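Heads up: the structure comes next, in structure tokens.
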Amino acid sequence: MSKNKIPIGPFHPLLEEAEYFELTVDGETVVDIDLEIGWMHRGHEFISEQKSFTQSIYLVERICGICSTSHPLACVHAVEDIDNIDIPLRARYIRTLVGELERIHSHLLWLGLAGHFIGYDTLWMWAWKYREPVLRMCEIVSGNRNHYGIMRVGGVAKDVDTGAIPDLMKNLDMIDSKIVMVANAAKDDPVLKARLKGVGVLSYEDAIAYCATGPTSRASGVPSDIRRDDPTDAYDLVDFDVIVASNGDVYDKLVVRLLETIESTKIIRQCIEKLKTVKGPILNNVKEISPGEGIGRYEAPRGEVFHYMRSDGTNRPIRHKVRAPSYVNIPTYSASCKGISVSDALITLAAVDPCYCCTERSLKIKDIKKNKCSFNLLDLSRSKTKRIRRKFNGNK
Amino acid sequence: MGWYNKRLAKSLWVFHVSGSPCNNCDIEILDLLTPKYDVERLGIKLVGSVRQADVLLVTGVFNNKVAPKIKKLYEQAPKPVFVVAVGTCPASGCTFKDSYNTVEKREDVIPIDMYIPGCPPKPEAMIEAVAKLIGVLNG
Ligand code: SF4
């Protein structure tokens, strides 16, 4: 049988970012997948090497709008690693607090988009509705909804007001109950289960072979988490579980993310409690960075983010290297997408929670007629959910 | 075209074009559709094809790879189409203006009618911008 190619993107209603995929299909089955990147490349590493260490933090925050804590955190860890700079205890709790807030909003964002892709717009609206109080908390803590601008080498830039703590707690209580509700509703939904179980399986061996990180690997049974394996900031002072599932399908990735969100609310609660009692400075004054090199790691919502910095004793890095988690997670497509049906391809692509802004630090309209295929792809994915839903309603 | 613009202003259909942003402006645009802000009550709808768009919401500094495609998208949109640039990126280049891979003048790629400053702009600012656009269209 002849093989057809389905181009997706670069400007596609599915992808908020510009990206170009090419699925090779044999009938209904995906046999190969190819990916063209570079649409988002803005030359961060190059710009960073022209800026001072403090300015670099502002820059790496703009690698990706969703991971706008993870990149700065890994970056300051790298600089602090050069000189073994100590961080005040209070600053460590504030860093962890902001990092976990980011994890909740990122996972809820993914949950909403995943729901949207399979035609569950209710889930989208729900998830994003309950994401708003999280952003509100970010605003209380850092002053911004998204780009927090709070990390500094040696601590944090802004303290959490004691007066703001009741407000934070109120928002947290609200998020807590709502997240548990959404998580239970999503986990127990028979249609979601039928739609996502066994779809896009990434086996334990493949997860290791492709060096997958984050929820992508944890859903396949690889218990890796930088927060526990190489604790920085306040992660060794708080109590939390690493969520691991075993099947590696899209449903398990969903479950891992949902349970992680609940763990994050626990960490946030502990941090806020500590902030009530732990007082002191929030920033160590760092005068200069001596020559040397350092690495920084942090568990971003999508996996391990890695920064490398080399200093020659001046006020700017002479080398800055970034490795984002999606960069290693995206190649797992070739293991998880092969052999599945076209209508499942979209949700499998989305299940990794790919972030191209991170990866490339960008669309191509190849042929408007061909591009129509891609709209059908979204329809295909949604109509499959509809079929399953009808089946369930019919059974009742 | 006054009569046409007035009819357009009743319900603006927007298409979202991301020209190498950091993703945040895009997320905030999607945020507009969700229950807290819900711009659909103002008749604003996000559409999946540029052929149905009245307004292009452009985000990001355009890099050299994406710029020709954005130009092509603009050419494919039915005229009149209004281009609203969301964020500091399309306005001034944000922190990326020194990069080797971004175009120097985004106005040369596509004509931009309106800028919303902010990195990222708050959703309230975006709603105000669209309300202003509706005001201008109504004359
Ligand atoms: S203006 Fe700021 S938030 Fe928006 S895309 Fe540019 S860097 Fe990101």
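Applied to region A:241-254, the Karplus parametrisation 6.51 cos²θ - 1.76 cosθ + 1.60 on θ = phi - 60° returns per-residue 3J(HN,Hα) values of 9, 8, 7, 10, 10, 10, 7, x, 8, 5, 4, 5, 5, 5 Hz, with x for Gly and Pro.
Can you give the accessible area per residue of region A:86-285, in Å², using a 1.4 Å probe? Display every interim value, and only then the final one.
Working: 6900 Å² over 200 residues.
Accessible area per residue, region A:86-285: 34 Å².
Near A:Val352: Cβ cut-off under 12 Å, other residues only, Lys/Arg at +1 and Asp/Glu at -1. The net charge is +2.
Contact order, relative form, for chain B: 30 percent (alpha carbon pairs under 8 Å, 6 or more residues apart, mean separation divided by residue count). The distance between label points at A:Ser246 and A:Lys287 comes to 5.8 nm (points 7 Å beyond Cα on the Cα→Cβ vector). Placing unit charges on the Cβ atoms only, positive for Lys and Arg and negative for Asp and Glu, gives region A:1-148 a dipole magnitude near 660 debye about its Cα centre.
Applying the Karplus relation 6.51 cos²θ - 1.76 cosθ + 1.60 with θ = phi - 60° to region B:121-134 yields 3J(HN,Hα) values of x, 5, x, 4, 5, 5, 5, 4, 4, 5, 4, 5, 4, 4 Hz, where x marks Gly and Pro.
Assuming charge only on the beta carbon of Lys and Arg (+1) and of Asp and Glu (-1), the dipole of region B:10-138 about its Cα centre is about 320 debye to the nearest 20. Whenever you get a sec, compute what percent of the accessible area on region A:157-230 sits on carbon and sulfur atoms (1.4 Å probe). Ligands and nucleic acids excluded, carbon and sulfur reach 56 percent.
Could you list, in their original order, any pairs among B:Lys10/B:Lys45; A:Lys158/A:Lys279; A:Lys187/A:Lys266; A:Lys197/A:Lys253 whose Cα atoms are separated by more than 18 Å? From B:Lys10/B:Lys45; A:Lys158/A:Lys279; A:Lys187/A:Lys266; A:Lys197/A:Lys253, over 18 Å: A:Lys187/A:Lys266. Close amide H pairs (under 5 Å, H built 1.01 Å from N) link A:Arg319 with A:Arg310, residues at least 5 positions away or on another chain. Take the Cα of A:Glu22, step 7 Å toward its Cβ, do the same at A:Ile208, and the gap between the two points is 3.4 nm. Comparing B:Gln76, B:His16, B:Ala91 along the charge dipole axis of region B:10-138, the residue lying farthest to the positive side is B:Gln76, per the Cβ-charge model. Taking all Cα pairs closer than 8 Å and separated by 6 or more residues, the relative contact order of region A:139-258 comes to 23 percent. Assuming R0 = 41 Å, what is the FRET efficiency of B:Ala131 and A:Val31, from their Cβ-Cβ distance, to the nearest 0.05? Rounded to the nearest 0.05, the efficiency is 0.25.
Within chain B, DSSP assigns beta bridges of which about 5% are antiparallel (rounded to the nearest 5).
For chain A, a crude dipole built from +1 on the beta carbon of Lys and Arg and -1 on the beta carbon of Asp and Glu, taken about the Cα centre, is about 1320 debye to the nearest 20.
Net charge of the neighbourhood of A:Tyr130, taken over other residues with C-beta under 12 Å away and scored Lys/Arg +1, Asp/Glu -1, is +3. Taking other residues whose beta carbon is less than 11 angstrom from the beta carbon of A:Gly280, and scoring Lys, Arg as +1 and Asp, Glu as -1, yields +2.
The values are calculated or read from the model by the stated rules, or taken from the named source; none is laboratory data. It should be emphasised that the depicted structure is a prediction, and the values quoted were computed from it without experimental measurement. So basically every Cβ, Gly included, is an ideal-geometry build from the backbone, and we count neighbours across all protein chains shown. The protein model used for the area step is the full one, side chains on, heavy atoms only, and it has no ligands, DNA or RNA in it. Shrake-Rupley method; radii C 1.70, N 1.55, O 1.52, S 1.80 Å.
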